[in-house]
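Just below is one structure, and these are the notes that go with it.
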Amino acid sequence: MRLLIASSFLAASTVAAVSTPAAADPMADAKAIIERHRAMPVFEAPGDAFDAKACMAGKKVLSIPISMTIPFNVELQKAMATAAEEVGFTYTTWDNQLKVDQWVQGISQAISQKYDVLDLAGGLNPEVLGPQLGEARAAGLKISTTHFYDVTQPPIDTVDYSGKVDFTGAGKLLAAWAYVQTEGKPNVLIIGSSDVLPSIPFVKSIQDQLTALCPDCVQKHLDVPVSEWATKIQSGTQSALLADPSINYILPIYDSMSQFVVPALRITGAEGAVKIASFNGTPFVLDMVREGQVEMDIGESLGWAGYAAIDNIMRMICGKPAVAKLNVPLLVFDKSNVETAGVPANFNDGYGDAHLDGFRKLWMLK
């Protein structure tokens, strides 16, 4: 039965990647992508400088993360609050535990307390709150999203400004990494979650980049909803490995998925032979890199992301053009540098602090 399921899995999800032309020198191109993300991040201004204190005087921002039970959101909110404090305006995080009624209460609070901005952060999809956001806009609030949309995705009409993330850039980097590490012969299992809106272009960017590097290389896609990660990722990975023992790389698009991939490698005897690379820079996964269970993790500093998010929100209030994306660099962490992320790892070490001086100058605080 397991082999039958595995065969069906592969038949349904193997990508026939033949339409994208191959790169002229694919190995050189792939190595160049990786090297761009190995250097210590340098601050690049996302727009013109402006007097943040002057235009934010008396302003109030309320941010609703998807859930404050998620460490990612806790750290992102902490950084956003710190940036707001530096500028000197009111910033409120709406605490919640991933419940729609709590999100709705937060919007009501923003309206009744006459906030200027309502921000949906860290994965909260504005589409699930359409009527409430319409009410907020009618009351005069500006609506922003932080760390939700991919750079290729337009926000819905009820969103004024969106702090987008370069998920597609991360996808190209993951594809390049797998290509280089397998010496140009990747047989890749991509694990995604299409119920998370930016996951769709994220997965596609991996597929397209692999196709550009090696049109004949094999790639497969396992799609697992977030609510089923704990029950479906391990079994799906095991089925894929049983159906095709020549798989040599697994790319879970969100690094927390890795905790369910590792047991599948162990059970199927593929541990050590099949490598894992992922994205997010989650501390426990960076610890897995240090311990040799995951080969590479693409990190992004949440301290940097918080300042970048506040920058975009202030540009909205101050009448400045929106930024194309949050200017948060993506950094490769592997065995050569993972200890710079801390032992144990944390969300902010290893990236330097160029963003602090950069944003302070950009906001005319110094």
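The residues on offer are Leu251, Leu242, Leu222, Leu265, and the sole one that is in contact (Cβ under 8 Å) with a residue 12 or more places away in the chain and in contact with a Lys or Arg (Cβ under 8 Å, 6 or more places away or on another chain) is Leu242.
Once the stretch 329-339 is narrowed to residues that are at pLDDT 95 or above and under 19 Å from Phe72 (Cα atoms), the residue that is most open to solvent (accessible area, probe 1.4 Å) is Leu330. Can you tell me which residue is farthest from Gly130 (Cα to Cα) among those in the stretch 83-101 that are out of contact with any Lys or Arg (no Cβ under 9 Å at 6 or more places or on another chain) and open to solvent by less than 30 Å² (accessible area, probe 1.4 Å)? Step by step, filter the stretch 83-101, then rank; the result is Ala83. Residues that are in a helix (DSSP H, G or I), open to solvent by less than 30 Å² (accessible area, probe 1.4 Å) and under 22 Å from Ala230 (Cα atoms) within the stretch 264-311 comprise Ala264, Leu265, Pro283, Val285, Leu286, Asp287, Met288, Val289, listed in sequence order. Only residues that are out of contact with any Gly (no Cβ under 6 Å at 6 or more places or on another chain) and surrounded by 19 or more Cβ atoms within 10 Å (Cβ to Cβ) were counted in the stretch 211-223, giving 9.
Please tell me if Ala170 is under 14 Å from the mean Cα position of the chain (by Cα), open to solvent by less than 30 Å² (accessible area, probe 1.4 Å) and among the aliphatic types (A, V, I, L, M).
Judged against the criteria, Ala170 is a match.
Scanning the stretch 54-78 for residues that are among the hydrophobic types (A, V, I, L, M, F, W, C) and within 17 Å of Val100 (Cα to Cα) yields Leu62, Ile64, Ile66, Met68, Ile70. Any residue at all in the stretch 145-165 that's surrounded by fewer than 20 Cβ atoms within 10 Å (Cβ to Cβ) and assigned to a helix (DSSP H, G or I)? No.
The values are calculated or read from the model by the stated rules, or taken from the named source; none is laboratory data. Given the structure is predicted, the values throughout are model-derived calculations rather than measurements. Glycine also receives a Cβ, built like all others from the backbone with ideal geometry; neighbour counts cover every protein chain displayed. Surface areas here come from the heavy atoms of the whole protein model, side chains and all, with no ligands, DNA or RNA. Shrake-Rupley method; radii C 1.70, N 1.55, O 1.52, S 1.80 Å.
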